[in-house]
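The values are calculated or read from the model by the stated rules, or taken from the named source; none is laboratory data. These figures come from a predicted structure and were not determined experimentally. With ideal geometry, Cβ positions are generated from the backbone for all residues, glycine too; neighbour counts draw on all protein chains shown.
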Amino acid sequence: MRCRYCNLVLAPLRSLANDEFCCDEHRDAFRGQQATETNAEPDVPAAPAEPEVPAFLRRLRLKFARPPLSIAPPIAPPVIQPIPQQHEPDIAASAAPAELAFSDAPELPALEEPALEQSVGLPVQEFEPAGESYAPESSESSAAELYEPTEELDPSVEPSGGTRPQPVVETAVSWKWIRTAWKGAPRDLKLVTVVLPVLVAIAVTGSFPKVPIQTVVPPAQMAQVEKVVNEHWKNLNQTISNRAAISFADDFRAGLDAWRSRSNRTTNWSYDAAGFVLPGPLALYKPTLELVDYRFEFLGQIDQKAMGWVFRAEDLNNYYAMKFVVVKPGPLPLVDMVRYAVINGKEGPHVRKPLPITVRPDSLYRVMVDVRGADFTVITQGEVVDFWTDHRLQHGGVGFFANRGERARLRWVEVTHQYDALGRVCAYLAPYGIEGKSGLFN
């Protein structure tokens with residue numbers, strides 16, 4: 001909405017407060033003008049309305065006006081007398097400072113931006129539309145040089161400053177990744193990576209390749225050199241055999257030939273309809289008798305009173321024994337762990353502890369005994385239930401037994417040692433004999 005007197009755009013609240021006028025003086029002046037026109041003679045032509053000044057010109061004048069020397073107190077705006085004209089006013093002419101009386105307008109305070117030497121009073125035609133060049137004529141040559149088109153590049157030629165990595169950079173990145181992976185790899189994996197190709201070649205060919213060496217070494221010294229090399233090679237063979245993985249397992253389906261007892265008393269062992277074996281007098285698993293460190297695991301069930309097993313059994317008179325004994329039957333029976341050592345056929349003190357897990361009468365016990373040096377760890381149903389140290393027996397195998405009044409059932413037994421990637425590789429190479437198929441070092 002605009003002021004009915006000066007045609008100035010009004011704010012919404014201003015239009016409601018002053019009844020379509022920018023101020024009270026304009027409202028009074030407009031009413032007086034209306035009264036004058038009403039009382040005037042009809043022969044006198046009415047004065048034309050004040051020409052409308054574009055809003056952007058008014059804003060430019062206010063923005064680029066000369067800063068005042070001092071701030072004057074606000075005064076009422078003067079009444080602008082209309083200028084009689086017989087034709088439509090020109091926009092450029094109306095924008096001239098001489099035609100509009102702004103001399104009495106209140107001076108505005110200085111702006112933060114630097115003032116210009118002269119106020120802007122250019123006509124509208126001199127403003128160039130957006131998007132066109134605004135460089136002065138004097139800089140045409142420099143602009144032409146800046147925007148002069150460059151030479152066309154051959155797309156087949158790779159630019160020197162291109163973003164695509166060069167083959168040398170890609171190779172360096174790949175080698176950097178390999179070095180990082182090698183530094184963080186386990187020691188066993190590094191050993192396998194270095195030694196495996198040589199061992200595989202030897203295992204396939206059966207011997208070292210014969211390399212003729214011309215030397216003037218006497219035959220006696222040459223024989224001594226061969227002897228030293230053969231000794232070192234045998235030591236390597238023994239090292240690989242010692243590091244080889246070990247795995248023995250028995251599910252009792254093939255009989256009890258792998259078990260040894262006094263006077264062949266394994267005949268007292270029996271089977272049930274489900275394929276479980278019921279142990280009797282002590283019997284040892286023969287493939288494990290020479291082992292030192294290993295992991296002994298089995299699956300069993302208590303039928304009556306207790307279930308017993310042995311480990312580090314050097315023979316039938318020297319071993320460590322352990323039992324799960326039911327001390328209070330019921331829906332949730334109480335079970336104790338009992339362990340002791342038998343040295344030269346005599347039982348030592350019994351150590352009794354409650355089994356710290358909840359079981360039922362028909363529970364299947366998955367028991368694992370970790371034998372490592374003088375340390376022994378017992379794990380049942382995935383939980384560690386006992387741990388102790390004993391130095392008396394240094395090696396020996398595993399076995400099972402059931403005393404009078406006791407009955408248990410076994411489903412399978414497994415003994416493993418060093419069963420990792422490196423151990424399996426060494427176990428693959430050890431049977432061939434590093435010395436070759438002929439057994440001689442060539």
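The residue pairs whose first member lies in region 342-367 and is assigned by TED's automatic domain parsing to the domain that holds K305 and assigned to a strand (DSSP E or B), whose second member is of a type in the set (K, R) and exposed (fewer than 13 other Cβ atoms within 10 Å of the Cβ), and whose beta carbons are closer than 8 Å, counting only pairs six or more residues apart or on different chains, are I343/R392. Of the strands (runs of 3 or more DSSP E) contained entirely in region 262-326, those carrying at least 1 residues that are more than 20 Å from V369 (Cα to Cα) fall at 294-304. Among the residues of region 303-325, is there at least one that is farther than 21 Å from H417 by Cβ, loosely packed, with under 14 Cβ neighbours inside 10 Å and of a type in the set (A, V, I, L, M)? No, because not a single residue in region 303-325 is farther than 21 Å from H417 by Cβ, loosely packed, with under 14 Cβ neighbours inside 10 Å and of a type in the set (A, V, I, L, M). Figure legend. Inter-residue proximity from region 239-266: first residues without any contact (Cβ under 8 Å) to a residue 24 or more places away in the chain, second residues among the aliphatic types (A, V, I, L, M), beta-carbon distance below 6 Å, spacing 6+ or different chains. Indicated pairs: T266/L256; T266/A283. Just one of the listed residues (S207, S174, S160, S156) is surrounded by 12 or more Cβ atoms within 10 Å (Cβ to Cβ) and either at pLDDT below 75 or part of a loop (DSSP other than H, G, I, E, B) (or both), and it is S207. If you check L284 against the conditions, is it buried (at least 19 other Cβ atoms within 10 Å of the Cβ), in the same structural domain as Q304 (by TED's automatic domain parsing) and at pLDDT 90 or above? The answer is yes for L284. Within region 385-427, being part of a loop (DSSP other than H, G, I, E, B) and either in contact with a helix residue (DSSP H, G or I) (Cβ under 8 Å, 6 or more places away or on another chain) or in contact (Cβ under 8 Å) with a residue 60 or more places away in the chain (or both) holds for D390, L393, Q394, H395, G396, A402, N403, G405, E406, Q418, Y419, D420.
Of everything in region 190-202 that's modelled with pLDDT under 80 and over 18 Å from N230 (Cβ atoms), which residue is surrounded by the fewest Cβ atoms within 10 Å (Cβ to Cβ)?
Once the filter is applied, the top-ranked residue is A201.
Restricting T377, T358 to those that are under 27 Å from E290 (Cβ atoms) and polar (S, T, N, Q) reduces the list to T377. Scanning region 371-385 for residues that are under 37 Å from the mean Cα position of the chain (by Cα) and surrounded by fewer than 17 Cβ atoms within 10 Å (Cβ to Cβ) yields R372, T377, Q381, G382, E383, V384.
All conditions in (1) on the phi > 0 side of the Ramachandran plot; (2) in contact with a His (Cβ under 9 Å, 6 or more places away or on another chain) hold for A374, with the sole exception of (1).
Here G405 passes the criteria (1) surrounded by 17 or more Cβ atoms within 10 Å (Cβ to Cβ); (2) within 24 Å of W259 (Cα to Cα); (3) at pLDDT below 95 except the one numbered (1).
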